[in-house]
Amino acid sequence: MEKDKSKKSFIGRLIYLIIVICLIWVSNKLYNIYQKNNFNDFVRMEYKPYTSEFIRDSEIKYQDKSSYKISSKEENDAMFYKEIKVTPNTPYKVTCMIKTEDVKTIKEISDAGAHISIADTVEKSKSITGTSDWQKLEFIFNSKNRTSVKLGFRLGGYEDNCTGTVWFSDFKIESGARKH
């Protein structure tokens, strides 16, 4: 009789342990999904919806924080953007680290590629195409009469689409910056 109680107690603890391990595993998987899809107030925007992949990449990153990755196997104009408040008639400097892989424009002569831009305008930084390791990208703009802008990190262009992959990391914005 004592053996039966001991055996049932052992089986009960074993089942409890298995359930706890399963819950930890499921929680870890859900957390990883959340981390990949948590864009920290950035909004996804695409010319051709659901064509490009947007994720937070914890494997390819510049420093400690996960990078923002856009990958387009099909031609598309895609970006992460965040609406930010600006002071009218003030210069701003935006920098980030960027890495590219097989970024190609559709048009032979194009200013599209991986770049920083203001959504719904033609204001943008230089564009990077091809494959490149991490490098600093800089964008200087004037807020003009605006009180907010949609600051975008983009794979594509105003009048062109791209294929390839880009990673953006280490965003920084400074007001009062001047071109030298």
Scanning the stretch 58-93 residue by residue, those in a loop (DSSP other than H, G, I, E, B), open to solvent by less than 30 Å² (accessible area, probe 1.4 Å) and either under 20 Å from A114 (Cβ atoms) or of a type in the set (A, V, I, L, M, F, W, C) (or both) turn out to be S66, D77, V86
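Here's the yes/no breakdown for (1) more than 21 Å from K172 (Cβ to Cβ); (2) assigned to a loop (DSSP other than H, G, I, E, B); (3) under 16 Å from the mean Cα position of the chain (by Cα):
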residue	(1), (2), (3)
M97	no, no, yes
E108	yes, yes, no
S117	no, no, yes
V122	yes, yes, no
K126	no, yes, no
If you scan the stretch 170-180, which residues turn out to be surrounded by fewer than 12 Cβ atoms within 10 Å (Cβ to Cβ) and either among the charged types (D, E, K, R) or in a strand (DSSP E or B) (or both)?
K172, E174, S175, R178, K179
Cβ-Cβ under 7 Å, sequence separation 6+ or interchain: first residue in the stretch 107-125 and within 19 Å of E74 (Cβ to Cβ) and in contact (Cβ under 8 Å) with a residue 40 or more places away in the chain, partner open to solvent by 50 Å² or more (accessible area, probe 1.4 Å) and assigned to a loop (DSSP other than H, G, I, E, B). Which pairs?
G113/T129
Selection within the stretch 147-169 - part of a strand (DSSP E or B) and either of a type in the set (V, I, T) or modelled with pLDDT under 95 (or both):
V149, G157, D160, T163, T165, V166
Taking the options L14, L23, name whichever one is in a helix (DSSP H, G or I), modelled with pLDDT under 85, out of contact with any Ser or Thr (no Cβ under 8 Å at 6 or more places or on another chain) and open to solvent by 90 Å² or more (accessible area, probe 1.4 Å).
L23
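The values are calculated or read from the model by the stated rules, or taken from the named source; none is laboratory data. Everything numeric here is computed off the predicted structure, so don't read it as measured data. Every residue, glycine among them, receives a Cβ derived from its backbone with ideal geometry; neighbour counts consider all protein chains shown. Each accessible area value is taken on the protein alone, full model and side chains, heavy atoms only, with ligands, DNA and RNA left out. Shrake-Rupley method; radii C 1.70, N 1.55, O 1.52, S 1.80 Å.
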